[in-house]
Amino acid sequence: MTNKNIYDNIFKKRCAVCGHRYMADIYDQGECSNCGWYNGKMYSEFPDKVIYSNLISLNRAKQLYKEKKPFEPNIDEFIEALFCYSEMRFEYKGTYYGVVLTSNNDKKNVIEMFEANTTNSQTFETKNDFKEKAKIGNAFLKDIWNETTDRYWM
């Protein structure tokens, strides 16, 4: 009996975002070399949900592609991705920040945002609490979100 590698049968599919062909495995998964979208069956089934390994939804990716804009998450998608990956990061004015799902001393699930290379951190009880109250200096993160870069999972 011969063992078969599931990746031996790579074939070409059309990218759900830009329509270019990409190399897919037998599960229809694969990254498009044209637009960078990571294709897979789950994205088509849940086109408005952030799913590994992308940071935005399929429908938002299609919109951004048409507008010739990069696939960058807005703050709501960043938060949704946090609950997919558990650990996220972003950069603001040369400083990196981490955002993680963790638990506090009472073993309650919380969101923690911390500044790299310091002990500065903030803790939030809910997604909405994080979105409305997270600050860098005197500025709310939601108000300066468009100035952040390098938004990705850790």
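The values are calculated or read from the model by the stated rules, or taken from the named source; none is laboratory data. This is a predicted model, so every value here is computed, not measured. Backbone-built Cβ (ideal geometry, glycine too); neighbour counts: all protein chains shown. Ligands, DNA and RNA are excluded from the accessible area calculation, which covers all protein heavy atoms including side chains. Shrake-Rupley method; radii C 1.70, N 1.55, O 1.52, S 1.80 Å.
Laid out as a table, the results:
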quantity	calculated
Bins of 5 Å from zero: percent of alpha-carbon pairs in the stretch 71-154	3, 15, 29, 30, 17, 5, 1, 0
Percent breakdown of C-alpha pair distances by 5 Å bin, ordered from the shortest bin, for the chain	2, 9, 16, 18, 15, 13, 10, 8, 5, 3, 1, 0, 0, 0
Accessible surface of the chain, 1.4 Å probe, proportion on carbon and sulfur as whole %	46 percent
Cross-link pairs beyond the 23 Å C-alpha cut-off, checked among Lys12/Lys49; Lys49/Lys107; Lys93/Lys133	Lys12/Lys49; Lys49/Lys107
Cys residues of the chain counted as unpaired, since no other Cys beta-carbon is under 4.7 Å	Cys84
Linear extension gain, Met42 paired with Thr118, 0.36 nm per residue minus alpha-carbon span	23.5 nm
Sites matching GluC sites (Glu not before Pro) across the stretch 48-124 that sit in DSSP coil, with at most 10 neighbouring C-beta atoms within 10 Å	Glu67
Value at 222 nm in deg cm²/dmol, rounded to 500, when DSSP H runs of n ≥ 4 in the chain each add -39,500 (n - 2.57)	-6000 deg cm²/dmol
D_trans [Stokes-Einstein, Kirkwood Rh over alpha-carbon pairs] for the stretch 53-108, 37 °C, 0.692 mPa s, µm² s⁻¹	254 µm²/s
Spin-label model distance (nm) - Asn128 vs Tyr152, 7 Å beyond Cα toward Cβ	3.3 nm
Tyr52-Met23 pseudo-label distance in nm [points 7 Å out on the Cα-to-Cβ vector]	2.3 nm
Selection of trypsin sites (Lys or Arg not before Pro), the stretch 15-81, meeting DSSP coil and at most 10 other Cβ within 10 Å	Lys68
Accessible area (Å², per residue) of the chain, counting only protein heavy atoms and a probe of 1.4 Å	63 Å²
Sites matching trypsin sites (Lys or Arg not before Pro) across the stretch 75-142 that sit in DSSP coil, with at most 15 neighbouring C-beta atoms within 10 Å	Lys93, Lys107, Lys108
In nm, spacing of pseudo-spin labels at Gln63 and Ile144 (7 Å Cα→C-beta vector)	2.6 nm
